[in-house]
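See below for the structure under consideration.
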Amino acid sequence: MESDRTSGVPALRSLERRILFSAALILGGTGVAAAAGAADIRMLPGAACGAAVACGNFLLIRKILEKAFLREGAVNRGFVVQYVLKFLGLIGVVFAVVRSGWFDVLGFLLGLTSLFLGVVLEAVARSFRPSE
């Protein structure tokens, strides 16, 4: 993996870009499907909310992991607590969005998949890179 020159932690910027790209891809696909009449237009705000939650979730994961592995050879033990709190917060946000009824649930879940799609895209891209 590439290293961040300042802190020595693995650089997750490429993965971050792929997640943002997949979020844009999902939003664009949902918009085109809605314009073509293949999907309900109400899915678009739900997909945007889901993509925002997925991107925010990854940013928090990255920040927690960067802080955890900041020191050479030692792992900050508080990262487990932070990670669990982030996960519980994610569950709370998903529950609140689904329970509120403000967004289309299918669109929201579609937007949430941008994190998974971004990870898959990054894995495929890395599989084509020459080994070091």
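Just so you know, all these numbers are worked out from the coordinates, no wet-lab data involved. Keep in mind it's a predicted model, so treat the numbers as computed, not measured. Every residue, glycine as well, gets a Cβ built from its backbone with ideal geometry; the counts of neighbours run over all protein chains shown.
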- [ ] In a Gaussian network model over the chain where Cα atoms closer than 10 Å are linked, find which of ARG18, ARG99, ARG42 has the largest mean-square fluctuation.
- [x] ARG99
- [ ] Measure nothing fancy, just the Cα-based angle from helix 43-68's long axis to the longest principal axis of the chain, in degrees from 0 to 90, nearest 10.
- [x] 10
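If I stretch the segment between SER127 and ASP40 completely, what's the gain in nm (0.36 nm per residue apart, minus their alpha carbon distance), one decimal?
On the way: separation 87, 0.36 × 87 = 31.32 nm, distance 3.63 nm.
Length gained, SER127 through ASP40: 27.7 nm.
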Task: Residues LEU65 and TRP102, FRET efficiency given R0 of 35 Å [Cβ-Cβ distance, rounded to 0.05] - done: 0.65
Open item on the list: Which order do the peptides 105-115, 26-36 come out in when sorted by mean C-beta neighbours inside 10 angstrom, highest first?
Closed with: 105-115, 26-36
- [ ] Go ahead and estimate [θ] at 222 nm for the chain from helices alone: -39,500 (n - 2.57) per DSSP H run with n ≥ 4, summed, over the residue count, rounded to 500.
- [x] -25000 deg cm²/dmol
Task: Overall form of region 74-132 per C-alpha gyration tensor (a/c, 1.5; a/b vs b/c) - done: oblate
Open item on the list: Using only the alpha-carbon atoms, how far is helix 13-35 inclined from the longest principal axis of the chain? Give it as 0 to 90 degrees, nearest 10.
Closed with: 0
Task: region 13-127: C-alpha pair distances exceeding 23 Å, % - done: 38
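Express in nm, to one decimal, how much length is gained between ALA24 and VAL120 on full extension, taking 0.36 nm for each residue of separation and deducting their alpha carbon distance.
Values: separation 96, 0.36 × 96 = 34.56 nm, distance 1.52 nm.
Between ALA24 and VAL120, full extension yields an extra 33.0 nm.
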TODO: Return one number: the angle in degrees, 0 to 90 and rounded to the nearest 10, between the long axis of the Cα atoms of helix 79-100 and the longest principal axis of the Cα atoms of the chain.
DONE: 0
Task: GNM result for the chain, Cα springs below 10 Å: residue of ILE19, ILE91, ILE61 fluctuating most strongly - done: ILE91
